[in-house]
Amino acid sequence: QVQFVESGGGLVQPGGSLKLSCATSGNISRFNTMGWYRQAPGKQREWAASITSGGTATYADSVKGRFTISRDNTKNTIYLQMNTLKPEDTAVYYCFLESRAVLYWGQGTQVTASS
């Protein structure tokens, strides 16, 4: 099993910044991919960003240039620096980990960009 501890969500004004963290523990291959999906009210969950254990990062077009994903392999932790937040970024952000062809999910953290 894999355990998640997500943190960093909250309320911010449009144009502001937040940084999410997702720490994992458990039976995890050192070769894995981690990242974030998000789900806005009334919408389907959508992929936002991913990073491999080798450090290759990819982004959805909607967040590219504003969000930066990074990781610390010694801690099995990833981070999502979110800048220039927009109201449409408001969603529950779910951390995920793909290890040995199995997908695991965190509990989610709320991000709200509103004035």
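Of note:
- The trypsin sites (Lys or Arg not before Pro) found in segment 1-102 that occupy coil by DSSP, while having at most 12 further C-beta atoms within 10 Å, are 30, 43, 64, 75, 100.
- The Cα trace of segment 1-75 gives Rg and Dmax of 13.5, 39 Å, the first to one decimal, the second as a whole number.
- In Hz, Karplus ³J(HN,Hα) per residue of segment 52-69 (6.51, -1.76, 1.60; θ = phi - 60°; x = Gly, Pro): 7, 5, x, x, 7, 10, 9, 9, 5, 4, 5, 10, 4, x, 10, 10, 10, 9
- Normalised by the number of residues in the chain, the average gap of Cα pairs under 8 Å and 6 or more apart makes the relative contact order 35 percent.
Each value in this text was obtained by applying a stated rule to the coordinates, not by laboratory testing. As the structure is a prediction and not an experimental result, all values here were calculated from the model. Positions of Cβ are generated from backbone atoms using ideal geometry, with glycine treated the same way; all protein chains shown enter the neighbour counts.
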